[in-house]
1. Consider Thr211 against the criteria (1) more than 23 Å from Pro35 (Cβ to Cβ); (2) in contact with a Cys (Cβ under 6 Å, 6 or more places away or on another chain): it satisfies all of them except one. Which criterion is unmet?
2. What's the number of the only condition in (1) touching a Gly at 6+ places or on another chain (Cβ under 6 Å); (2) under 25 Å from Glu213 (Cα atoms) that Leu22 fails to meet?
3. Please give the number of the condition Asp88 fails out of (1) farther than 24 Å from Ala197 by Cβ; (2) in a strand (DSSP E or B); (3) among the acidic types (Asp, Glu).
4. Answer yes if at least one residue in the stretch 156-174 is more than 28 Å from Ala112 (Cα to Cα) and within 17 Å of the chain's Cα centre (by Cα), and no otherwise.
5. Thr46 versus (1) assigned to a strand (DSSP E or B); (2) buried (at least 17 other Cβ atoms within 10 Å of the Cβ): which is the lone unmet condition?
6. Being surrounded by 14 or more Cβ atoms within 10 Å (Cβ to Cβ) and either touching a residue at least 40 places away in the same chain (Cβ under 8 Å) or over 15 Å from the mean Cα position of the chain (by Cα) (or both) is the requirement here; does Glu208 meet it?
7. I need a count of the residues in the stretch 114-137 that are part of a helix (DSSP H, G or I) and not basic (Lys, Arg).
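The values are calculated or read from the model by the stated rules, or taken from the named source; none is laboratory data. Nothing here was measured: the structure is a model prediction, and the numbers come from that model. Cβ: placed from backbone, ideal geometry, glycine included. Neighbour counts: every protein chain shown.
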Amino acid sequence: MIQTTNLTKSYGRARGVTDLTLHVPAGCCFGFIGPNGAGKSTTIRTLLGLISPTSGSASVMGLDCVKDRTAILVQVGYMPSEALFYPDMRVSEVIRLSADLRKRDCRAEAAALCEALELDTRKKIRELSLGNRKKVSIVCAMQHRPRLYVLDEPTSGLDPLVQRAFWSQVEQRRKEGAAVFLSSHVLYEVQRYCDRAAVIREGRLIVEGSTAELDIENRFFDYYEGRLTK
């Protein structure tokens, strides 16, 4: 579902990512973790074709991330870390716009998600708290039931009950064969819900493997500080 080979994005003197090689198969929940500025969001934006790599290659669902950007954006369920929408639109209008951009009728699935997340679709975006804006972002990413979900810090701002509802939806889709590429600062979530994980530091891959082998929740700082390589 995701394949990168020596993927590099350089911003001149600023850090991006360097020689990043990853493989995410179908049905896998893959955790991508590291501190702020490590290169997680740069990697995600490159995968989605929002920025172009300096060198190396990246493909999503067999599509080239540079040449096939539009097709990738239509097919992937993307949830950015910041839930920003047109402030004067109602929630229902934002959700419908997201479906229309993909030329899909997602009304039934959107209604089920809104019910599960307890999201009031009558309110305007500017009336919503951060947590409720995140709910809108979840619905927009999931309502078309894509084969790949790219989720950037999806649970930040969500209360525990909504987090549980969110992970229930993720687990259901993963069991149906969808892949999930998840960036998170919550080590417990990565350890519990992800099959595999990678730690990135200063734009470079430090370690990658199964979460059972890596024991991310307890060993993250050892990996990050170089005391462990696996």
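1. Status for Thr211: all satisfied but (1).
2. Result: Leu22 fails condition (1) only.
3. For Asp88, the failing item is (2).
4. Of all residues in the stretch 156-174, those more than 28 Å from Ala112 (Cα to Cα) come to none.
Scanning the stretch 156-174, I find no residue that is more than 28 Å from Ala112 (Cα to Cα) and within 17 Å of the chain's Cα centre (by Cα), so the answer is no.
5. The failed condition is (1).
6. Working: surrounded by 14 or more Cβ atoms within 10 Å (Cβ to Cβ): yes; either touching a residue at least 40 places away in the same chain (Cβ under 8 Å) or over 15 Å from the mean Cα position of the chain (by Cα) (or both): yes.
So Glu208 passes the test.
7. Here the count works out to 11.
The rows are residues; the columns are (1) assigned by TED's automatic domain parsing to the domain that holds Ser168; (2) exposed (fewer than 15 other Cβ atoms within 10 Å of the Cβ); (3) under 24 Å from Thr43 (Cβ atoms).
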site: Glu93; (1), (2), (3): no, no, no
site: Ser98; (1), (2), (3): no, no, yes
site: Glu118; (1), (2), (3): no, yes, no
site: Arg126; (1), (2), (3): no, yes, no
site: Pro154; (1), (2), (3): yes, no, yes
